[in-house]
Amino acid sequence: MINRPRRNRLTPRIRALVGETTIQPKNLVWPTFVQEGKSQRTPIVSMPGISRLSIDQLVADSKKAFDLGVAAVALFPAIDDSLKNPEGKESVNPDGLLQRAVKELKKEVPELVVITDVALDPYSSDGHDGLVQNGQILNDETLPLLAAMAVAQAKAGVDVVAPSDMMDGRIEAIRWALDGAGFENVLICSYCAKYASAFYGPFRDALESTPKEGDKKTYQMDPANTREAIREIHLDEEEGADWLLIKPGLPYLDVIRLTREHSELPIAAYHVSGEYAMLKAAAEKGWLDYESCLMESLLSMRRAGADMIFTYAAIEAASLLQQ
Ligand code: PBG
């Protein structure tokens, strides 16, 4: 036998020399849930190890993440029900929870990249990402609300806005609004191919943001489709996106690869709440080794073509990588 692929696997050092894919803390983004209060950490039952954090706790954990080399934090606010209404008006409050969290983070950990979500659902009494009228999710009427939300976040000092709403035309609307307000250096990370996925369940528990009626299938993508993802990629590029995000991660590795082949833009993959919950649940039962399966999942998304990965396990993964 002349060809023995196993020679390249002989020792750890040889395997390291021929390893094609790497993962480092700088590839990781830590998504986090923020809530009101002081010294508050409220565990999320369906996401073991993850809590909603008051701003002081968010700052403390973000410092930890930054010291471990994690590149960025992505914030999701848990808004009190009394502040929710159909237009999600609280989203543009300069003193709203999210805006205060951004300001504190940029003051206390200025080099950590801060990313905010742009969508109505945390603020909407309907629990949808856009305006609802007679059971329909309105597209064009939602755009100015999203644009105003992005500008409010930019005023608070955010580095990157990440529209996750899947309305048509929102990247362009947000880009024009940001530039018009003097924020041409705020980046847009577009949730470009975001699928209507059941893997978001634990996230909606965390924010109590499950839609009051219906589902998100008229705006989020059909899990059956990939050509549609290519169309979304091209549109978001033309509209001025800086990064393209694919979500969920592991069940959509083919879409990450396809995005890599169709775009030169940086790509983010989102290891979503349900993916995290599955690993934790199996590990709690003693059925999987959590740390190995976590690192293998993250590496797979890098191998598929993701530059960066949003994962609730960012701090755990970064500390494993430092060992
Ligand atoms: C909502 C939003 C969702 C997630 C990120 N932004 C949920 C949804 O679309 O219902 C899901 C993240 C996760 O499951 O980890 N705009």
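Remarks
- Residue within region 195-205 that is under 17 Å from the mean Cα position of the chain (by Cα) and in a loop (DSSP other than H, G, I, E, B) present: yes
- Condition met for Lys247 (within 16 Å of the ligand (Cβ to nearest atom), farther than 30 Å from Ser319 by Cβ and open to solvent by 10 Å² or more (accessible area, probe 1.4 Å)): no
- Residue match in region 157-177 (condition: of a type outside the set (S, T, N, Q), within 16 Å of the ligand (Cβ to nearest atom), surrounded by fewer than 22 Cβ atoms within 10 Å (Cβ to Cβ) and within 14 Å of the chain's Cα centre (by Cα)): yes
Matching residues to (1) over 22 Å from Ala268 (Cβ atoms); (2) open to solvent by 70 Å² or more (accessible area, probe 1.4 Å); (3) touching a residue at least 40 places away in the same chain (Cβ under 8 Å):
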{"site": "Pro5", "(1), (2), (3)": "yes, yes, no"}
{"site": "Thr11", "(1), (2), (3)": "yes, no, no"}
{"site": "Gln35", "(1), (2), (3)": "yes, no, yes"}
{"site": "Pro43", "(1), (2), (3)": "yes, yes, no"}
{"site": "Ile50", "(1), (2), (3)": "no, no, yes"}
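Here's the yes/no breakdown for (1) among the small types (Gly, Ala, Ser); (2) within 14 Å of the ligand (Cβ to nearest atom):
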{"position": "Ala206", "(1), (2)": "yes, yes"}
{"position": "Pro211", "(1), (2)": "no, yes"}
{"position": "Thr218", "(1), (2)": "no, yes"}
{"position": "Pro223", "(1), (2)": "no, yes"}
{"position": "Glu228", "(1), (2)": "no, no"}
{"position": "Leu235", "(1), (2)": "no, no"}
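- The residues listed here are Ala229, Ala224; of these, the one that is more than 30 Å from Pro48 (Cβ to Cβ) and part of a loop (DSSP other than H, G, I, E, B) is Ala224.
- Residue match in region 305-319 (condition: in contact with a Ser or Thr (Cβ under 8 Å, 6 or more places away or on another chain) and more than 25 Å from Gly201 (Cα to Cα)): yes
- The set of residues from region 80-114 being open to solvent by 20 Å² or more (accessible area, probe 1.4 Å), assigned to a helix (DSSP H, G or I) and among the hydrophobic types (A, V, I, L, M, F, W, C) comprises Leu83, Val92.
- Filtered by the rule that a residue be crowded, with 16+ Cβ neighbours inside 10 Å and more than 17 Å from the chain's Cα centre (by Cα), region 206-215 gives a lone residue, Pro211.
- Failed criterion for Met295 (all others in (1) away from the ligand (no atom under 16 Å from the Cβ); (2) open to solvent by 30 Å² or more (accessible area, probe 1.4 Å); (3) in contact with a Ser or Thr (Cβ under 8 Å, 6 or more places away or on another chain) hold): (3)
The values are calculated or read from the model by the stated rules, or taken from the named source; none is laboratory data. Note that the structure is a prediction, hence the values are computed from the model and not measured. Note that each Cβ is placed from the backbone with ideal geometry, even for glycine, and that neighbours are counted across all protein chains shown. Just so you know, the surface numbers come from the protein's heavy atoms only, side chains and all, with ligands and any DNA or RNA stripped out. Shrake-Rupley method; radii C 1.70, N 1.55, O 1.52, S 1.80 Å.
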